[in-house]
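Input: a single structure, listed below in structure tokens.
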Amino acid sequence: MLDSTVLFLVPTPIGNLADMTFRAIDILKSVDLILAEDTRTSGILLKHYEISTPMMSFHAYNEHQQTNIIIKKLEEGIKIALISDAGSPGISDPGYLLAKGALDANLQIEALPGPTALIPALIKSGLPNNQFVFEGFLPQKKGRSSKIRSLKNEKRTLIFYESPHRILKTLIQFEAAYGKDRQVSVSRELSKRFEQTINGPLSSVRAHFENNKPKGEFVIVLSGNPI
């Protein structure tokens, strides 16, 4: 930890609490304030590791309003850690605006390495991982179809996050846009008790989820266009 650092971006486990690092625990205990996406969810983690640092809500619905307030606290020398419900802050979670604001204010930031769902899903997929594109969540409505079409000729491996409510719809749309034989790997509940990965062509993986109710949070790893 650098003495000049005032903002720490701290990853938290994506499922298994044992994936928390010693350094992350030390920082969360030493800062003055923890910004948490959901204080109830993060409270379970903090209680497990006997971390009593005060928490404050910082999520997608208030980050625009809260960022300037937090920057002022940082400028006053208050040391703050940002965590998300799971994984690394800023990766499909709040964090970008605060990091940018802190840098614009010439404040020192440290980002700890740690858990994020896309990397384990990629490296266990069996698909090329030397180059890849992380797309996060697709648009839910407007722009969804055009976004999928725009990626048709992407040659690098593609990675998406998806909810259990839309995973089947997404696979159906991928199959229609990219063909039934495009290879895909779908992982759910990574690092948790019911972790599962289904590999194969889009047609067979789509059929699996037609016959098995999707549960948990999903990472889709899709092979790039081989042509």
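Comparing G216, G15, G143 in a Gaussian network model of the chain, where Cα atoms under 10 Å apart are tied by springs, the biggest mean-square fluctuation is seen for G143. Rounded, prolate or oblate: which one fits the stretch 41-91, using the alpha carbon gyration tensor with axes a ≥ b ≥ c (rounded when a/c is under 1.5, else prolate when a/b beats b/c, else oblate)? Oblate shape, in that a/c is at least 1.5 and b/c is the bigger or equal ratio.
With all projection directions averaged, the alpha carbon convex hull of the stretch 5-111 covers 5.9 nm². Placing unit charges on the Cβ atoms only, positive for Lys and Arg and negative for Asp and Glu, gives the stretch 1-80 a dipole magnitude near 100 debye about its Cα centre. By the Stokes-Einstein formula, at 1.306 mPa s and 10 °C, the stretch 72-196 with its Kirkwood radius over alpha-carbon pairs has D equal to 93 µm²/s. Restricting the calculation to alpha carbons of the chain gives Rg and Dmax of 19.3, 57 angstrom.
Remark on S84: its backbone amide H falls under 5 Å from those of T12, a criterion applied only to residues 5 or more positions apart or on other chains, H modelled at 1.01 Å from N. Projecting the Cα atoms of G179, I198, T157 onto the dipole axis of the stretch 118-222, where Lys and Arg carry +1 and Asp and Glu carry -1 at the beta carbon, places G179 farthest toward the positive end. Here the stretch 153-227 has an Rg and Dmax of 11.7, 38 Å, counting Cα atoms alone. Remark on L151: its backbone amide H falls under 5 Å from none of the residues 5 or more positions apart or on other chains, H modelled at 1.01 Å from N.
Within the straight-line cut-off of under 26 Å between alpha carbons, the lysines reachable from K100 are K29, K72, K73, K79, sequence neighbours fewer than 8 places apart in one chain being disregarded. Fully extending the segment from H48 to F194, taken as 0.36 nm per residue of separation minus the present Cα-Cα distance, adds 50.4 nm. Within the stretch 50-123, the GluC sites (Glu not before Pro) that combine a DSSP coil assignment with at most 13 other C-beta atoms in a 10 angstrom radius are E50, E76.
For K180, a cut-off of 29 angstrom between C-alpha atoms picks up these lysines, skipping any fewer than 8 places away in its own chain: K124, K141, K142, K147, K152, K155, K169, K213, K215. Farthest towards the positive end of the charge dipole of the stretch 56-209, among the residues I83, M56, L168, is the Cα of L168, using unit charges on the Cβ of Lys, Arg, Asp and Glu.
Taking each DSSP H run with n ≥ 4 as -39500 (n - 2.57) and averaging over every residue of the chain yields -9500 deg cm²/dmol at 222 nm. Ranked by the mean number of other Cβ atoms within 10 Å of their residues, highest first, the peptides 173-180, 150-157 come out as 173-180, 150-157. Ordering G216, S145, A121 by the projection of their Cα atoms onto the charge dipole of the stretch 95-227, which places +1 on the Cβ of Lys and Arg and -1 on the Cβ of Asp and Glu, puts S145 at the extreme positive end.
Taken along the Cα-to-beta-carbon direction at a fixed 7 Å, the label points for S204 and S145 span 3.1 nm. Looking only at the stretch 102-141, which residues have a backbone nitrogen under 19 Å from a spot 7 Å from the Cα of K155 in the C-beta direction? 127-134, by backbone N distance to the label point.
Only the coordinates and a few stated rules stand behind these numbers; no lab work does. Keep in mind the model is a prediction, meaning the values are calculated, not measured. Glycine also receives a Cβ, built like all others from the backbone with ideal geometry; neighbour counts cover every protein chain displayed.
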